[in-house]
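Heads up, the thing below is written out as structure tokens.
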Amino acid sequence: MPSCSFFVCSYLGELENKESIYMKAWELHGFGKDNLKLVDKTVPNPRPNEVLLRIHAVSLNYRDKVIMEGNYNPSLSFPMVQVADAVGEIVDAGKDVTRFSKGERVVTNYATSWIDGEPQGDEVVHTLGNTISGALAEYAVLDEKAVVQAPQYLSDEEASTLPCAGLTAWYALVEKGQLKPNQTVLVQGTGGVSIYGLQIASALGARVIVTSSNDEKLKRAQSLGAAHGINYVKAPDWERAVLDITSQKGVDHILEIAGGKSLVQSITAIKAGGQITIIGFLDGFTTDMPILPLLQKQILLRGVMVGPRRALEDMTQAFNKLKLRPVIDTVYGFAETSRAYEHLYRGAFGKIVIRVSAT
């Protein structure tokens with residue numbers, strides 16, 4: 001099957017006969033890392049309400065790992081192009097598209113059909129690389145409602161990290177959590193959401209405590225604005241350390257990444273009237289949770305799975321003012337995608353990015 005270079009494909013994409021033009025894409029052909037394959041696919045034609053993106057960069061999330069392992073969607077249809085978070089240039093648009101023009105740089109909206117308000121059904125289920133063909137390809141086609149203008153001050157690599165990790169932290173702390181200056185925030189670990197939570201909270205005047213199993217990562221977190229770091233290997237009862245730091249009052253907000261037994265510790269570490277946002281399940285999908293402390297402290301528990309497009313637009317506007325720069329651990333080339341996934345399995349400080357094409 002023939003293929004073409006990025007620049008040739010971009011030029012040929014202007015022709016009407018796109019069905020004869022091919023692109024490279026990484027597809028999952030079954031659960032497990034060994035089933036991620038680089039394949040040739042036809043460059044899709046945008047329908048009247050869709051835009052065709054030449055993908056510049058994508059970023060990986062923990063969600064991509066659990067999809068690959070079959071724990072996120074056991075009914076995943078194969079083959080499936082992977083990854084939800086991307087930045088790209090609009091190179092073609094359907095006749096009914098009004099929100100964007102060719103040449104604009106945009107980022108994908110993780111939950112493609114969640115535009116605003118609370119989800120009314122399965123909006124957070126229908127995501128790229130899961131039920132919808134993903135962005136780990138040279139080109140992708142999306143409804144114009146499923147993309148947002150990328151901040152001009154960010155590089156492609158930086159902008160690709162916004163849709164999932166950035167928006168999850170923003171939606172949890174700012175929109176739902178109504179974070180205020182001088183409040184205290186606890187973030188668990190140094191992955192994408194946690195580092196974004198640290199940066200956002202610090203930029204908005206909050207004090208941040210970070211937990212990690214690695215002292216070097218804790219030092220790096222403090223260089224980004226963290227007020228305190230707790231090594232949970234050296235201090236397995238880290239909730240007690242949090243209480244000591246806060247004069248036994250507890251913290252205002254916790255980004256609960258681990259789940260499992262960690263949630264019980266978070267209930268101890270939160271202050272009366274505080275908020276725990278449950279985002280992840282690194283320690284397990286279930287937990288035994290004490291009820292009495294919830295009642296006594298009147299704790300608010302909230303589950304967050306990213307956010308609507310409107311919140312992504314609000315966040316990008318705020319970032320334009322704050323000039324917040326995402327933290328990227330490593331950038332891999334498109335041909336190095338398997339290495340990028342291996343890094344995802346090992347864990348990262350901030351985000352792992354794959355450069356798909358040159359601008």
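Can you tell me which residue is nearest to the chain's Cα centre (by Cα) among those in the stretch 117-143 that are among the aliphatic types (A, V, I, L, M) and either closer than 17 Å to R47 by Cβ or outside any loop (DSSP other than H, G, I, E, B) (or both)? Steps first, please.
We begin by selecting, within the stretch 117-143, every residue among the aliphatic types (A, V, I, L, M); these are 124-125, 128, 132, 135-137, 140-142.
From what's left, either closer than 17 Å to R47 by Cβ or outside any loop (DSSP other than H, G, I, E, B) (or both): 128, 132, 137, 140-142.
Values: L128: 12, I132: 17, A137: 18, A140: 18, V141: 20, L142: 18 Å.
Among them, the one singled out is L128.
I want to confirm something. Restricting to the stretch 145-180 and keeping residues that are of a type in the set (S, T, Y) and out of contact with any helix residue (DSSP H, G or I) (no Cβ under 8 Å at 6 or more places or on another chain), which single residue is surrounded by the fewest Cβ atoms within 10 Å (Cβ to Cβ)?
The qualifying residue surrounded by the fewest Cβ atoms within 10 Å (Cβ to Cβ) is S155.
Against the condition among the aromatic types (F, W, Y), surrounded by fewer than 23 Cβ atoms within 10 Å (Cβ to Cβ) and in contact with a strand residue (DSSP E or B) (Cβ under 6 Å, 6 or more places away or on another chain), how does F78 come out, does it pass?
no
Looking only at the stretch 294-327, which residues are basic (K, R) and either at pLDDT below 95 or surrounded by fewer than 21 Cβ atoms within 10 Å (Cβ to Cβ) (or both)?
K297, R302, R310, K321, K323, R325
Among the residues in the stretch 72-80, are any under 23 Å from D314 (Cβ atoms), in a strand (DSSP E or B) and not charged (D, E, K, R)?
Within the stretch 72-80, none of the residues are under 23 Å from D314 (Cβ atoms), in a strand (DSSP E or B) and not charged (D, E, K, R).
Tally the residues that are touching a residue at least 40 places away in the same chain (Cβ under 8 Å), outside any helix (DSSP H, G or I) and of a type in the set (S, T, Y), restricting the search to the stretch 17-68.
Qualifying residue count, the stretch 17-68: 1.
The values are calculated or read from the model by the stated rules, or taken from the named source; none is laboratory data. Since the model is a prediction, treat every value here as computed from it, not as a measurement. So basically every Cβ, Gly included, is an ideal-geometry build from the backbone, and we count neighbours across all protein chains shown.
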